[in-house]
Amino acid sequence: MRLEPVANPGLLRRLGLPAAALVATVVTGSLLALSAGADPLATLGLIVTGAVGSKFAALETLNRATPLIFTGLAVAVAFRAKLWNIGAEAQLYAGALVTAVLGAHPIVTGVPGMALIGLAAALAGALVLLGPVLLKTRLGVDEVVTTLLLNFVLLLVVSMLLEGVLKDPMGMGWPKSAPVAKSVRLPRLIEGLRLHWGFGLALIAAGLVWLMQARMRLGYEIRAVGLNRAAARFAGVPVGAVLVKTALISGGLAALAGFSEVAGLKGTLTLDLSPGFGYTGVIVAMLAALHPGGVVVAALFVAGVFVGSDAMSRAAGVPSYIADLLLASALLYMVLAMQLVRYRVVWR
Amino acid sequence: MTRTGTAPDIVLRLDGITKRFGALTANDAVSLSLARGEVVALLGENGAGKTTLMNILFGHYTADAGTVEVMGQVLPPGTPRAAIAAGVGMVHQHFTLADNLSVLDNILLGTRPLWSFRLNRAAARARVRALAQDFGLKVAPEARTGALSVGERQRVEILKALYREAQVLILDEPTAVLTPQESEALFATLRRATARGLSVIFISHKLHEVMAAADRVVVLRHGKVVGEVATADTSPPALAAMMVGAEVALPRVAAGVPGPVLLRLDDVTTPDEGARPGLKQVSLNLRAGQITGLAGVSGNGQAALADLLSGLIVPTSGRLILSDAAPAEWSPRAALAAGIGRIPEDRHKTGTIADFTLTENAILETYPQLTRAGLLDHRTARRFTEELIADYDVRCPGPEARIRLLSGGNMQKLILGRVLEARPKIILANQPVRGLDIGAVAYVHSRLIAARDAGAAVLLISEDLDEIMGLSDVVQVISEGRLSPGFARGTMGAAELGQWMAGAGFDHAA
């Protein structure tokens, strides 16, 4: 068995195979529900209604999608340059930490205050990724290892601070930071709906990333470096500088997920702020084939599966771990489908 | 398996092997036989088809036509297992040993089911010791492989093949990684092995080694066997001429009118890179209106010279001087700014980005000039590309097609256009027509001559002596990183250049 490249994949191939991946995911989900002793169709139905069946459910899904759009964009930007940033979780917490510290006693209030805090958070995330990328370009240290391990370092630093200097004196002993001041909390997108401006910022960020990737010189350089580093270097593309810029953007985007969660949804920093948004960002980016528009769609899908599975679990008694299994299989099927769009299998 | 009437002393016979990769014919009806106890050298340039042929023999590739026979039995195509079982052992250029295992474990790995592994260890160790003794392959069976030198690892690879009772041993560029002393020891081993009836195929493009180690030489060029001689009846210059081919003369080109020196290398040395030699105190003048041809067997420092002029490396000593001033900083972008146009050796790996469109590839060196407020001017880029496609006759689906869809010739025309449209003062043409069809070859050559006539200084690097002698106003030969003096057009024949390529002449010239 071997793979043969397909020169010009047709429309059927490009749309049919991802659709087949979706069908395979649904079939896998049904089998999982069946193995848990539940009616497959009813279980899947409960997941769908749990995700988008009511105004409350839909808003919950949008809220859950917000940090995933940011981390998904962060990963998509980096992976385009073949910079394997597995540390969006660490960058998210760096952004959250800066937001919690600056937001508790803001010097500037209102929208300028929010903007300043957001910028500071993004800068913190960018700096967290700067170290690994400099180690990579200067010394050839594998960034997969350094970014992955920094996730644990940052989490432990946050834990130390929340148990120490940042612990909210009014928090009844819980390890959480002092609340972000009302004057710099992100307002609601639409009055009366429980959805904050973080979601709006995420959509704007997706638009800007699209502009960067498709129209800007930097996007062109990033793709050149990612697709063929030797040819890029030969042609005079400053490979090291491009990787550093990529890292700053990627780390900044991931940090905005932390900013949006702390200044928007939660209002405070706790250790369970992120149930792995940074790691899930990798899944989102891969499902989206690294396209910023796709990231928004994939983040909504992934958030819907999580929110819907929680609701289904409460109603049908099937463990909500089914969400993780569904996402994992969706990712595998989708990656396989993407590969099969460009290659056909030849049996001999 | 079919029995055929092969004479008993022929252990291996390749018959009419043909292998195509797309438009490229890597092996064209190659036939070859190997007698018991014989060392045959397979000689040829990079890309001549040596490695493809051996991969077919060993079952890594399936031939489009032709058969492989070992001990009179036709091997089923495409299965290395069958080749091993039939007694073929291959030592790859890059070793396939596990660093964390002992020498003995590496040799045993894959030879027997795991559950009987421990039981036979003592017997196996004794056998490895005996083999090592017999063939003069000194290595300790219990040593950790990671701690061994390169020469010792190669001995382990050979022992591995012998342990599997190989009758035919294939060595792919075995000396590329060895010191001269280690090479000498390897040749001694080969002599002992052949005295015991082992047959060896030895792949190389180094002439003196072939002369030292082989009984017979088979020369491949462009996938075809172009010569087969006993080493006793030939000489390094004759082999060099056969390798690069000097029978067919290209139509002669009118001589250029030399102008001032545009680029000068002054006693330049660059570091060796693995088996690739760097430049050794090279001095070179590139003149306006002149094509300087660089002849030589590949792997003799051409890559270092090309990398230097491309801005990828800097000299460790000596100077690179452009129009009487040494550049302050040297990088690909500095080389472009200095007016050096670069046609790279490998158009797939360094010349283009396969998944980029023609437009994106066309602006790869000039995109900074096409940027306004951080945004790329796609419209201008596209118009430029459309003009390139028309002016350079690039056959393609359009400027927005991915360049991987193009044939080598059309890809090269786009690169040529990209380079020439920048109006370079100096042109580095590294293997500009390798793998192209005749039409594309003529086109690329005519464009290079036109650029010369317009006043550019051209450095043509090629392993094809015909091309060098046909186009160049001045020919220089590179050998082991050293550069010969310049020979004016028509003053040197293929035989004399072959002498220089084989390394003669440098000793008293240096």
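This table checks each residue for (1) touching a Phe, Trp or Tyr at 6+ places or on another chain (Cβ under 9 Å); (2) touching a residue at least 40 places away in the same chain (Cβ under 8 Å); (3) assigned to a helix (DSSP H, G or I); (4) among the acidic types (Asp, Glu).
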site	(1), (2), (3), (4)
A:GLY16	no, no, yes, no
A:ALA19	no, no, yes, no
A:VAL26	no, no, yes, no
A:LEU34	no, no, yes, no
A:LEU44	no, no, yes, no
A:VAL48	no, yes, yes, no
A:ALA51	yes, yes, yes, no
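For the range B:321-358, name all the residues that are of a type in the set (Lys, Arg), crowded, with 19+ Cβ neighbours inside 10 Å and either at positive phi or within 9 Å of another protein chain (Cβ to nearest Cβ) (or both). B:ARG342 - this is the single residue of the range B:321-358 that is of a type in the set (Lys, Arg), crowded, with 19+ Cβ neighbours inside 10 Å and either at positive phi or within 9 Å of another protein chain (Cβ to nearest Cβ) (or both).
One residue stands out among those in the range A:178-204 that are touching a Phe, Trp or Tyr at 6+ places or on another chain (Cβ under 6 Å) and crowded, with 19+ Cβ neighbours inside 10 Å: the one that is farthest from the other protein chains (Cβ to nearest Cβ), which is A:LEU186.
Residues considered: A:ILE107, A:ILE117, A:ILE86, A:ILE69. Of these, the only one that is assigned to a loop (DSSP other than H, G, I, E, B), β-branched (Val, Ile, Thr) and open to solvent by less than 50 Å² (accessible area, probe 1.4 Å) is A:ILE86. In the range A:205-221, the count of residues that are open to solvent by less than 20 Å² (accessible area, probe 1.4 Å), in contact with a strand residue (DSSP E or B) (Cβ under 9 Å, 6 or more places away or on another chain) and either facing chain B (nearest Cβ under 9 Å) or among the aliphatic types (A, V, I, L, M) (or both) is one or more. Taking the numbered list (1) surrounded by fewer than 17 Cβ atoms within 10 Å (Cβ to Cβ); (2) part of a helix (DSSP H, G or I) in turn, A:VAL345 passes all entries but (2). Of all residues in the range B:399-437, those satisfying the criterion of being of a type in the set (A, V, I, L, M), buried (at least 24 other Cβ atoms within 10 Å of the Cβ) and part of a strand (DSSP E or B) are B:ILE427, B:LEU428, B:ALA429. If the condition is being more than 7 Å from chain B (Cβ to nearest Cβ) and open to solvent by 10 Å² or more (accessible area, probe 1.4 Å), then the range A:224-249 contributes A:ARG229, A:PRO238, A:VAL239, A:GLY240, A:ALA241, A:VAL244, A:LYS245, A:LEU248, A:ILE249. Being at negative phi, touching a Gly at 6+ places or on another chain (Cβ under 7 Å) and open to solvent by 10 Å² or more (accessible area, probe 1.4 Å) is not true of A:MET286. Against the test of being closer than 30 Å to B:GLU228 by Cα, more than 14 Å from chain A (Cβ to nearest Cβ) and either of a type in the set (S, T, N, Q) or open to solvent by 10 Å² or more (accessible area, probe 1.4 Å) (or both), the options B:GLY299, B:GLY318 yield a single qualifying residue, B:GLY299. Counting only residues that are more than 20 Å from B:MET211 (Cβ to Cβ), in a loop (DSSP other than H, G, I, E, B) and open to solvent by less than 40 Å² (accessible area, probe 1.4 Å), how many does the range B:457-491 have? So the count comes out to 5.
Going by the conditions given, is A:LEU269 touching a strand residue (DSSP E or B) at 6+ places or on another chain (Cβ under 8 Å), buried (at least 24 other Cβ atoms within 10 Å of the Cβ) and of a type in the set (A, V, I, L, M)? Considered against the rule, which asks whether it is touching a strand residue (DSSP E or B) at 6+ places or on another chain (Cβ under 8 Å), buried (at least 24 other Cβ atoms within 10 Å of the Cβ) and of a type in the set (A, V, I, L, M), A:LEU269 comes out as yes.
If the condition is being more than 11 Å from chain A (Cβ to nearest Cβ), within 21 Å of B:LEU405 (Cα to Cα) and either open to solvent by 40 Å² or more (accessible area, probe 1.4 Å) or acidic (Asp, Glu) (or both), then the range B:359-385 contributes B:ARG382, B:ARG383, B:PHE384. Taken over the range A:297-327, the criterion of being open to solvent by 50 Å² or more (accessible area, probe 1.4 Å) and aliphatic (A, V, I, L, M) is satisfied by A:VAL297, A:LEU300, A:ALA315, A:LEU325. Exactly one residue among B:LEU286, B:LEU279, B:LEU308, B:LEU262 is of a type in the set (A, V, I, L, M, F, W, C), more than 14 Å from every other protein chain (Cβ to nearest Cβ) and not in a strand (DSSP E or B), and that residue is B:LEU279.
Highlighted here are the strands (runs of 3 or more DSSP E) found entirely within the range B:18-116 that include at least 2 residues which are of a type in the set (A, V, I, L, M, F, W, C), closer than 30 Å to B:GLU209 by Cβ and open to solvent by 50 Å² or more (accessible area, probe 1.4 Å): B:24-35. Taking A:GLU261 as the residue in question, decide whether it is over 21 Å from B:ILE403 (Cα atoms), at pLDDT 95 or above and part of a helix (DSSP H, G or I). Yes; evaluated as a whole, the condition is true for this residue.
Listed by position, the helices (runs of 4 or more DSSP H) contained in the range B:320-398 that have at least 1 residues being within 27 Å of B:LYS280 (Cα to Cα) and free of Cβ contacts under 8 Å to residues at least 12 places away in the same chain are B:332-337. Scanning the range A:159-170 for residues that are part of a loop (DSSP other than H, G, I, E, B) and free of Cβ contacts under 8 Å to residues at least 24 places away in the same chain returns A:GLY164, A:VAL165, A:PRO169, A:MET170. In this entry, B:ARG452 is excluded by the filter for residues that are in contact (Cβ under 8 Å) with a residue 12 or more places away in the chain and open to solvent by 30 Å² or more (accessible area, probe 1.4 Å).
The values are calculated or read from the model by the stated rules, or taken from the named source; none is laboratory data. Note that the structure is a prediction, hence the values are computed from the model and not measured. We place every Cβ from the backbone using ideal geometry, glycine too, and count neighbours over all the protein chains shown. Surface accessibility is based on the protein's heavy atoms, side chains included, excluding ligands, DNA and RNA. Shrake-Rupley method; radii C 1.70, N 1.55, O 1.52, S 1.80 Å.
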